[in-house]
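I'd like to ask some things about the structure below.
The values are calculated or read from the model by the stated rules, or taken from the named source; none is laboratory data. None of the values given here were measured: they were computed from a predicted structure. Ideal geometry is used to build each Cβ from the backbone, glycine not excepted, and the neighbour counts take in all protein chains shown. Side chains included, ligands, DNA and RNA excluded: accessible areas come from the protein's heavy atoms. Shrake-Rupley method; radii C 1.70, N 1.55, O 1.52, S 1.80 Å.
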Amino acid sequence: MMKLKFIFSYDGSAFWGSATQPHQKSVQDSLQKALAHLGIFSSLLMASRTDKGVHASFAVASVECGEHFKDLTYLQKQVNKFSHPFIHIKKIEKVRADFEVRFDVKSREYRYIFSHSSYNPFMANYVYFYPKFDLIRANELLKLFVGKKDLKFFCKSGGDNKTTLREIFTAKAYAYKDFSIFHFKANGFLRGQIRLSVASILKVLEGKMSEKELKEQIAAKKRHNHFLAPPNGLYLSRIHY
């Protein structure tokens, strides 16, 4: 037996989240079915979980299979035949037997994409249409998240976290054409953390919440916002080992 690492992207609007579901409408279930067509029946393990509607441009999974799958380029083409159109395998690599796809992760990156263009129904599942905002001010607010924090008030219920402590390495905003993009990098993320963070920042930018209240929520003193930004603007963009 050998262990393989899959690097892939997926369109989250086609799934009810990435983790396996009873009704099998998840990324994990769909990829597992694609592998089964090729005679690979070992459990597929995912590095990260994403909510319904959240996308990934760089997701990682691992699976064990027989040594006869030596031509990984051919295997990639075959898996893509069954995983398309909503999942695309970018690369398959052989990894050591003790590789832990979830627990060996050093950091994860996400991007949240806002479009300031006129509403387009063909883009509605892939960006959050939102009026232009002050990027300098947004960066000042994002900077408040950087560092080691107890983010218990930026977490949806139902998570299996042993701790709500997380270290945020990067939280910044930048512009690209008619888009504004929030970029987050951390040693890990809580369930709903980024969508709660984005929604809280937007509330301050809209004048519906004060910076003081945002700081109180980041300091785990008091929850002032429990609303989440829409999932369609969020992308898992990188996983580092």
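Rank-order 8-20, 193-205, 141-153 by packing density, defined as the average count of other C-beta atoms within 10 Å over each peptide's residues, highest first.
Ranked from most to least packed, the peptides come out as 193-205, 8-20, 141-153.
Of the heavy-atom accessible surface of the chain (probe 1.4 angstrom), what whole percent is carbon and sulfur?
53 percent
Suppose every K and R has +1 on its Cβ and every D and E has -1 on its Cβ; what is the size of the dipole of the chain about the Cα centre, in Debye to the nearest 20?
420 debye
Oh, and also: Under a 1.4 angstrom probe, counting protein chains only, how are ASP29, ASP104, ASP134 ranked by accessible area, largest first?
Sorted by accessible area, descending: ASP134, ASP104, ASP29.
So for the chain, taking the charge dipole from beta-carbon charges (+1 Lys/Arg, -1 Asp/Glu), which of SER30, LEU44, VAL60 sits furthest toward the positive end?
My answer, from the dipole projection, is VAL60.
When you count, for each residue, the other Cβ atoms within 10 Å and take the mean per peptide, how do 112-124, 49-61 rank with the highest first?
In decreasing order of mean packing, 112-124, 49-61 become 49-61, 112-124.
Now, a different point. Between the helical axis of 27-36 and the dominant principal axis of the chain, each derived from Cα atoms, what acute angle in degrees is found, rounded to the nearest 10?
Here the helix axis deviates by roughly 10 degrees.
Report, to the nearest 10°, how far helix 193-205 tilts away from the longest principal axis of the Cα atoms in the chain, using its own Cα long axis and a range of 0 to 90°.
Helix 193-205 and the main axis of the chain meet at about 30 degrees.
Using bins 5 angstrom wide from zero, how does P(r) for the chain break down, in % of all Cα pairs?
In whole percents, the pair-distance histogram is 1, 6, 13, 17, 17, 15, 12, 9, 5, 3, 1, 0, 0.
In nanometres, what is the gap between the two model label sites at GLU100 and HIS37, each 7 Å from Cα along Cα-to-Cβ?
In this crude spin-label approximation the distance works out to 3.3 nm.
Between LYS81 and ILE7, how high is the FRET efficiency from 1/(1 + (r/R0)^6) when r is the Cβ-Cβ distance and R₀ = 22 Å? Nearest 0.05.
The formula returns an efficiency of 0.80 here.
Apply the a/c threshold of 1.5 to the C-alpha gyration tensor of region 130-241 and tell me whether it is rounded, prolate or oblate.
Cα axes put region 130-241 in the oblate bin.
Let me ask something else about it. How about region 57-151: which GluC sites (Glu not before Pro) there are in a DSSP loop, with at most 15 other Cβ atoms within 10 Å of their Cβ?
GLU67, GLU100
Further question: How much accessible area per residue does region 1-124 have, in Å², with a 1.4 Å probe?
Here the per-residue accessible area is 52 Å².
Determine the dipole magnitude for region 1-141: charges of +1 sit on the beta-carbon of Lys and Arg, -1 on that of Asp and Glu, nothing else is charged, the reference point is the Cα centre, and the result goes in debye to the nearest 20.
Around 160 debye, computed over region 1-141.
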